[in-house]
Amino acid sequence: MSDRAGMSLLARASAAAGSLRCLAAATTDIVEDARRRHGLYPTAAAAVGRTMTATVMMGAMLTDDQRVVVEIVGDGPLGHIVADADAHGNVRAYAANPHVHLPANAKGKLDVAGAVGKGTLHVTKDLQLREMYRGMVPLISGEIAEDFAYYFVQSEQVPSAVSLGVLVDTDSSIRAAGGLIVQVLPGADPALIDELEKRLKTLQSVSHMVQIGMGPAQMIDALLDGFDVRHLGEMPLQFSCRCSRERFSKALIALGPAEIEAMIREQGGAELVCNFCAETYHFTADDLRQLIQAA
């Protein structure tokens, strides 16, 4: 495996007298962690990595115990992608079909749009209120960055420029990954978003900036040069799953004694795998009998 570009880190900033909010992330390590756990093929790794990166930046916009879950449901070979993040830099993700790798697209890049296909982007936020916030938009490109930008303006009414990148090495490991989100806040000049989109088109790709060693704060400076940037701090990012043996035990108990008895009789136990992190939990026949008693 080749050397990867730095630890995973996120930076926040405001600019243009508070009219702009910007988040940048270098996510190489967490995307590589997901690739390794799930055995992601290159195109799948790029799609999952872009989704993870956008989701962890969305999580950084939250506070305390709030969470966000993003699901991309397309008709391409990937099936669906799910990513889940909190306000503290913890993120996890998976694809329904991890073993997807397509020929390069017309630009010679990984064909993420072809792997995703047409479909919808769903966002669910647990804001610790009585009801969850839910938003849904159609996928406009399947390239993921454009789809998140469309979501922000359609569902949250926040004009946003989004750039995401994942560079996959020749050995299928993740060489570099990262993202930028810049949002024009209420009351700002709408022309700002046009200027930002122009800058993103001429700016070096996010994955290249990460690859050459630029940190998230430097990426923000490169994009917002001349906008009077005010840096608001950084935080580390990590692939982190909330699964546990206790959670799976409760799930088994919820099936009821008859179903657990059938597992003992037909399989001699149970083996459960977490979708998000691929951790495997083994339950022997004796373990299952104890769960029946607990039920």
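The values are calculated or read from the model by the stated rules, or taken from the named source; none is laboratory data. Please read all numbers here as calculations on a predicted model, not as lab measurements. Neighbour counts are summed over all protein chains in view; Cβ atoms, including those assigned to glycine, are modelled from backbone coordinates with ideal geometry. These area figures cover heavy atoms from the full protein model, side chains too; ligands, DNA and RNA do not enter into them. Shrake-Rupley method; radii C 1.70, N 1.55, O 1.52, S 1.80 Å.
Summary table
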| item | result |
| --- | --- |
| FRET efficiency estimate (nearest 0.05) - Cβ-Cβ, A294 to H231, R0 45 angstrom | 0.30 |
| For peptides 64-74, 111-121, sequence by mean Cβ density within 10 Å, most packed first | 111-121, 64-74 |
| Per-peptide average of other Cβ atoms within 10 Å, ordering 263-271, 194-202, 88-96 highest first | 88-96, 194-202, 263-271 |
| Lysines with Cα under 26 Å of K198, excluding same-chain neighbours fewer than 8 positions away | K107, K109 |
| The chain: most fluctuating residue of E143, E259, E156 per GNM, C-alpha cutoff 10 Å | E259 |
| Cα centroid of segment 159-231 to Cα centroid of segment 1-73, whole Å | 12 |
| Surface share of carbon and sulfur [accessible, 1.4 angstrom probe, percent] for segment 194-295 | 46 |
| Per residue accessible area in Å² of segment 30-167, where ligands, DNA and RNA are left out and the probe is 1.4 Å | 40 |
| Residue-level accessible surface for S141, protein heavy atoms, 1.4 Å, Å² | 50 |
